[in-house]
1. Considering the stretch 85-106 alone, what residues qualify as being at pLDDT 95 or above and closer than 15 Å to Ala156 by Cβ?
2. Leu50: buried (at least 16 other Cβ atoms within 10 Å of the Cβ) and either closer than 17 Å to Pro155 by Cα or under 16 Å from the mean Cα position of the chain (by Cα) (or both), yes or no?
3. Limited to the stretch 145-203, what total is found for residues that are within 15 Å of the chain's Cα centre (by Cα) and part of a helix (DSSP H, G or I)?
4. Among the residues of the stretch 49-104, count how many are out of contact with any Phe, Trp or Tyr (no Cβ under 7 Å at 6 or more places or on another chain), under 17 Å from Met187 (Cα atoms) and aliphatic (A, V, I, L, M).
5. I'd like to check something: does the stretch 74-82 contain any residue that is among the hydroxyl-bearing types (Ser, Thr, Tyr) and crowded, with 18+ Cβ neighbours inside 10 Å?
6. Scan Phe66, Phe26, Phe109, Phe62 and give me the residue that is modelled with pLDDT under 75, farther than 18 Å from Ala179 by Cα and either exposed (fewer than 13 other Cβ atoms within 10 Å of the Cβ) or among the aromatic types (Phe, Trp, Tyr) (or both).
Amino acid sequence: MRMNYTFLLILLKVTFVMPGANDLHFYDGSSTADVIAGDFFFEIIDPPELGYSYRIRPAKDFGSVFNETLHFHKARLVPTVPLHSCSEIINHEEIVGHIALSERGECSFVFKATKAQHAGARAVIITESIDRWDDSLDHLIEMVDDKMELDVNIPAAFLLGRSGATILRTLRRLKRKYAIVNLPVNMTHVPINKMNQPPWVAW
């Protein structure tokens, strides 16, 4: 009985201290830079209902990189039409020079990035479009090249599914064609518990 009790305590301790892929709330003395690793943040400044900082994970082995030379100030984050971006994007006039927002599924990440690039986007963010009770919506996905040998010259990143679904739903409700964003936002020296993350992101 004592052995089982000791094992349970060890199991609970391990469960408590093992952070997940998106555990910004976890603090073990590591710096913010250590926790967010190679991820980036953008902020939505309009509409105000979505006024938070959002974490995105750059594509692993395709597209150009997010860096200091690529800065979006009050840029549009535009949901593509069609949202899956697996065919020609028809709302390219709104997207040219801005950031495309596409949903995951139906074709590869690389193919979506190619379509966004053809539509004139300077970057593409891919996410989920349906908010459901699914743990996968609370984790960032590693986007990798599927070896289609497509030439992608814009940066691509994945946005937490729960955040993407909320952004898309809110824009539809407000009858807005896009959100206004700043990207990237430097969070390196912001304490983890001071980050203006959305309330639906677990802390």
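The values are calculated or read from the model by the stated rules, or taken from the named source; none is laboratory data. Quick caveat: nothing in here was measured; it's all calculated off a predicted structure. Glycine also receives a Cβ, built like all others from the backbone with ideal geometry; neighbour counts cover every protein chain displayed.
1. Ser85, Cys86, Ile89, Ile95, His98, Ile99, Ala100, Leu101, Ser102, Glu103
2. For Leu50, the condition - buried (at least 16 other Cβ atoms within 10 Å of the Cβ) and either closer than 17 Å to Pro155 by Cα or under 16 Å from the mean Cα position of the chain (by Cα) (or both) - is met.
3. 8
4. Residues that pass the stated criteria total 1.
5. Yes: the stretch 74-82 contains one or more residues that are among the hydroxyl-bearing types (Ser, Thr, Tyr) and crowded, with 18+ Cβ neighbours inside 10 Å.
6. After applying the criteria, what remains is Phe26.
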